[in-house]
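Read through the structure below, which is laid out as structure tokens, and then see the notes.
The values are calculated or read from the model by the stated rules, or taken from the named source; none is laboratory data. Predicted model, so just to flag it, every value in this text is computed and none were measured. Don't worry about glycine lacking a Cβ; one is built from the backbone with ideal geometry, like all the others, and counts go over all protein chains shown. When the accessible area is computed, the model is the full protein with side chains, heavy atoms only, and any ligands, DNA or RNA have been set aside. Shrake-Rupley method; radii C 1.70, N 1.55, O 1.52, S 1.80 Å.
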Amino acid sequence: MSGKPAISLRLERDNPCNTSIFDPDGNVFYAVATDFSNPDKPVTHVHDGIGKLVAEWIWRDARSDLLTIRDHPQTPASAWLKKSFIPFRDDVKFQDDAGVEYVWKNNKPGLALQLFGPQSKTQPVARFIRSYKDYQADRENPPVVPSTLLLDQSVEPIRDLIVISFLLLERRRRETETATVNRAQALAIFGQSSTM
């Protein structure tokens, strides 16, 4: 990230569908809650620290989620978050309200998302750090360091858009990651049973 200090947003729970997102002082910046009352169409709501609705999206399995950001009309999330058409590239682009383009990289299983703006192709303006056990703090009983989204000060004006895009992408990335792990485990079990 650039030389400017980063804004650190900590996820209370390591779950992009149901969590509170705090600043370092413990102030709630966002509340993320998913309503599963209709199991066919769960709806995720994102409210800011004062309770104002920032965005909501209706989950869809086969197609892109239906996204509403603030007062904009509802649209498929893929109309705003555009995936790269280049094979083996997992970049996802979006534009802010001024038409400035940002690119999320590492949108695939096993990697952590990084956002790049027009300022630099090598220095991210936002990046996600997964939760991890801090063995340097205590080898016997390491504390868990919560998941954190770091944002460069330069992108503070579009913080809502970064958080919304991150939450949408991270949910889908985790679904893909879980499916990949499940396939690998099934192959491992199938491979073991066929040799017995």
Requested in this report: Using the structure shown, decide if Lys52 is open to solvent by 60 Å² or more (accessible area, probe 1.4 Å) and touching a strand residue (DSSP E or B) at 6+ places or on another chain (Cβ under 7 Å).
Outcome: no
Report task. Report the residue count in region 110-162 for those that are within 16 Å of the chain's Cα centre (by Cα) and surrounded by fewer than 12 Cβ atoms within 10 Å (Cβ to Cβ). Result -> 1
Query raised in the report: Consider Lys93 against the criteria (1) of a type in the set (Lys, Arg); (2) loosely packed, with under 15 Cβ neighbours inside 10 Å; (3) in contact with a Ser or Thr (Cβ under 9 Å, 6 or more places away or on another chain): it satisfies all of them except one. Which criterion is unmet?
Result: (2)
Report task. Starting from region 150-162, take each residue that is touching a residue at least 12 places away in the same chain (Cβ under 8 Å) and within 14 Å of Leu9 (Cα to Cα) and list its partners that are of a type in the set (A, V, I, L, M, F, W, C) and open to solvent by less than 40 Å² (accessible area, probe 1.4 Å), counting only C-beta distances under 6 angstrom and pairs at least six apart or across chains. Result -> Leu151/Ile7; Leu151/Ala126; Asp152/Val125; Val155/Val125; Asp160/Val54; Ile162/Ala126
Query raised in the report: Out of all the residues in region 1-54, which are hydrophobic (A, V, I, L, M, F, W, C), out of contact with any Asp or Glu (no Cβ under 6 Å at 6 or more places or on another chain) and free of Cβ contacts under 8 Å to residues at least 40 places away in the same chain?
Result: Phe22, Val28, Ala31, Ala33, Phe36, Ile50, Leu53
Query - The listed residue being over 26 Å from Asp152 (Cβ atoms) and either among the acidic types (Asp, Glu) or loosely packed, with under 14 Cβ neighbours inside 10 Å (or both), out of Asn38, Asn27 - result: Asn38
